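Scroll down for the structure; my scribbles are underneath it.
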Amino acid sequence: MAAPRFINRELSWLDFNTRVLEEAQDAGNPLLERLKFLAITSNNLDEFFMVRIGSLHLLMAEGRRKPDMSGISPREQFRTASEKAHELVETQYRCFEREIEPALREAGIIRVTPESANGEQRDQLRRLFLEELAPTLTPAAVRINGTQPHYANLKLHLLIRLKDETVKGKKIPRLAILPLIGSVDRFISLRVEEGYGYMPLEDVVAMHISHYFPNDDVLEVVPFRITRNADMAVSEDEASDLISQMDEVLTARKTSGCVRIELGSSATRVAERQLRQLFEVGDAELYRVNGPLNFADYFALAGLPGYDNLRQEEWLPQPEPGLDLSKPLFEQIAAKPRLLHHPFQSFDPVVTLIEQAARDPQVIAIKQILYRTSKNSPIVKALMDAAGRGKTVTAIVELKARFDEARNIEWARTMEQAGVQVIYGVKGFKTHAKLLIIVRREPSGIRRYMHFGTGNYNEGTAKLYTDVSYLTCDPTLGADASMFFNTITGFSQPQTFQRLAASPLTIRDTLVQLIEGEIERAKQGEHAHIRAKFNSLADEGMIKTLYRASSAGVQIDLLVRGVCCLHPGIKGLSENIRVVSIVDRFLEHSRIFWFRHGGDPRVFISSADWMTRNLDKRVELMTPVDEPDLREQLEDILKAGFEDTAKARELGRNGRYTRITAEDNEPVQSQALLFERASSRAKRTRRSARTTFEPHRPQKTRRKRRS
């Protein structure tokens, strides 16, 4: 049977999460790192159900039958994805039950069950329940066909089955639901003889459920959790007030349809049937789990203090050699453009640059695009500080950044009050580009300083995601950047950029032209080669162009972290394409594109993946990096990824990912290699500084002027 030309997007995403789960299953990883990967898998699944399965629910409800590029209809995609998701969840819980939890117990991190709790622990739990839980947690009576109270998305609840009541000779089920929402932690710490003891909150409440129903027979207490459809967007054609419309979307998500129910495996068939009736779901949406619900909460245990021996050695972000944050960065960037590779190198220079710009009297304007920021963002505070000092500050805040809408709305309102001019993105598009422009008046005239990035302006995720920052004051890039920014913020017509490419205008065409250039060279007998790194490859047009390049003899190496709908290794179609995915301690997030270009490589960084939404439906940037030393740094990042034999998997002709292993040599871990290189560069700079002697000189005394 011939291999399909395209791989389904939903199944490819589940394959990615399977690779994440494999890191939890890998006994070679430290125990708490395995627990962390288990939590990441759970967190990823939450988003998958809210967005991808939610989208399929909507398509099926609308009666859509058109197949995707892999030839599968929405209903068939839903069926296949559900089967695969059930298998993944079963593997998840089997890994926890058989491997991780026994190892945690052996290491002294012990889950205490209601059955195993001793007298002292029971006394401790009862005091906690009466003093902290009972006053705050409230059950609500429910009727299956009656008006329902609100059930929060992704929050734990308890279903309480009480003895049926008889009305006119007919038995009526009596149910109550207790939301476990409040300020109490998910895991309750307990005293144990040695180590750390804990009990999940749902077990603590279930132990004391008679407190709420002292005169009733409680038949069953079942923990459950629902996932609601979050695939909804504002209708911008009708949105005169975007913030109000986004508030309505956030409200709608709280009551949208249920796309998944997770419940404890101890639930009876009666309880299961009643939950399905309450939330109007079928068998496919029901996930019975043999263990605690929501492994994402286990991030807290993965960070438990005092167990560093169960974690990987910490890699501290290294400074960029020759970049002194205690001195003005403008002069240093003017002298030499800089490339930073996070989190191997610190994100501090980006934050410091904005903070210095806010205070610098020569800076007259700051312009920035904010897609996702941190809760207490120093960058946003610096922008407000700059506005308070009389500078012209403009921020494009994307209100439609999924799951960060509420935070961005809050920041937008706060910045407006501080005097920042806030633009709420572009009508009909998400603004996903990463750009900072600082306009400074200098003796030689006006100069623009830019930061182009592949990741968000979030100092927190900059320690967890691999991304690239490019700091430059190149005048041509500056003119392009200003033109790009003004096109977004005003009504000016898009102009032709000299060096930048932007979506939805020119990135697709520019990439196709670069690929076509390699095709022509291959046809002429030259060595043609493309290397690219991104999060996802799902655009049919780009995949077909890569297939044509492969058929022409172009060597294509792709580092694709997540979704990949391209099918490599098919004879006559994609046999010259290699697809590698890396799952390691940091989330691979940078986008780097390299084209051999006849031996004079063209290298770019970008905010855009090769997906239809990024190329046609979002505002994105693709930036050339032409400085030979910086271009070489980007090439080294790509090469390291393709040399990985420790954390890399390769997508085969059979559509499956298999680990790449070193046959004879020591395994190469690309992230460890890149961190070692960043550390070595920083150490060489420190050694050089220690061997440079700078004499103390007497201060020049000024002669007193005669009056």
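What follows draws every value from the coordinates through simple rules; no lab data is involved. Here the structure is a predicted model, which is why all the values come from computation and not from measurement. Methodologically, a virtual Cβ is constructed for each residue, glycine included, from the backbone with ideal geometry; neighbour enumeration extends over all protein chains shown.
The candidate values were (1) 47.6, 160; (2) 28.4, 114; (3) 25.8, 82; the one computed from these coordinates for Rg and Dmax of the Cα atoms in Å carries the label (2).
For the Cα atoms of the chain, what angle does the longest principal axis make with the long axis of helix 9-25, in degrees from 0 to 90, nearest 10? Orientation of helix 9-25: about 80 degrees from the principal axis.
Just list whichever of LYS66/LYS434; LYS336/LYS523; LYS430/LYS463; LYS463/LYS683; LYS66/LYS617 have alpha carbons separated by over 29 Å in the model shown. Correct reply: LYS66/LYS434; LYS336/LYS523. Taking a ≥ b ≥ c as the square roots of the eigenvalues of the Cα gyration tensor of the range 502-685, is the shape rounded (a/c under 1.5), prolate (a/b larger than b/c) or oblate? It comes out rounded by the Cα gyration axes. Remark on ILE423: its backbone amide H falls under 5 Å from those of ALA395, ILE396, VAL397, a criterion applied only to residues 5 or more positions apart or on other chains, H modelled at 1.01 Å from N. By the count of other C-beta atoms within 10 Å, a proxy for reagent exposure, TRP315, TRP411 are ordered fewest to most as TRP315, TRP411. Most tightly packed first, judged by the mean number of other beta-carbon atoms within 10 Å of their residues, the peptides 580-590, 326-336 read 580-590, 326-336. Database remark: amide H of GLU459 closer than 5 angstrom to the amide H of SER374 (H placed geometrically; neighbours at sequence offset of 5 or more, or on other chains; Pro and chain starts carry no H).
When both bridge partners sit in the chain, DSSP labels roughly 70% of those beta bridges antiparallel.
Most tightly packed first, judged by the mean number of other beta-carbon atoms within 10 Å of their residues, the peptides 153-162, 358-367 read 153-162, 358-367. Only Cα pairs under 8 Å and 6+ residues apart enter the sum, and on that basis the relative contact order of the chain stands at 11 percent.
Each residue of the range 307-319 was assigned a 3J(HN,Hα) from its phi angle through the Karplus expression (A = 6.51, B = -1.76, C = 1.60, θ = phi - 60°), giving 10, 4, 5, 9, 10, 6, 4, 5, 9, 7, x, 8, x Hz with x at Gly and Pro. Close amide H partners of TYR196, meaning residues 5 or more places away or on another chain with modelled amide H under 5 Å apart, are ILE109, ILE110.
Helix 507-523 axis versus longest C-alpha principal axis of the chain: approximately 70°, rounded to the nearest ten. Each of TYR198, TYR93 has some number of other Cβ atoms within 10 Å of its Cβ, and from fewest to most they run TYR93, TYR198.
Distance from the C-alpha centroid of the range 350-409 to that of the range 171-185: 43 Å, rounded to the whole angstrom. Couplings 3J(HN,Hα) for the range 636-648, derived from phi with the Karplus relation 6.51 cos²θ - 1.76 cosθ + 1.60 (θ = phi - 60°), are 5, 4, 5, 4, 4, x, 7, 8, 5, 10, 10, 10, 9 Hz, where x marks Gly and Pro.
Under a model in which nothing but the beta-carbon of Lys, Arg (+1) and Asp, Glu (-1) is charged, the range 329-499 shows a dipole of about 180 debye around its Cα centre. Evaluated with a Cβ-only charge set (Lys, Arg +1; Asp, Glu -1), the chain carries a dipole of roughly 2120 debye about its Cα centre, given to the nearest 20. Cβ-to-Cβ counts within 10 Å put ARG684, ARG276 in ascending order as ARG684, ARG276, the fewest first. Which of the listed residues, VAL422, LEU293, VAL554, is farthest toward the dipole's positive end in the chain, when Lys, Arg count +1 and Asp, Glu count -1 at the beta-carbon? Positive-most Cα among the choices belongs to VAL422.
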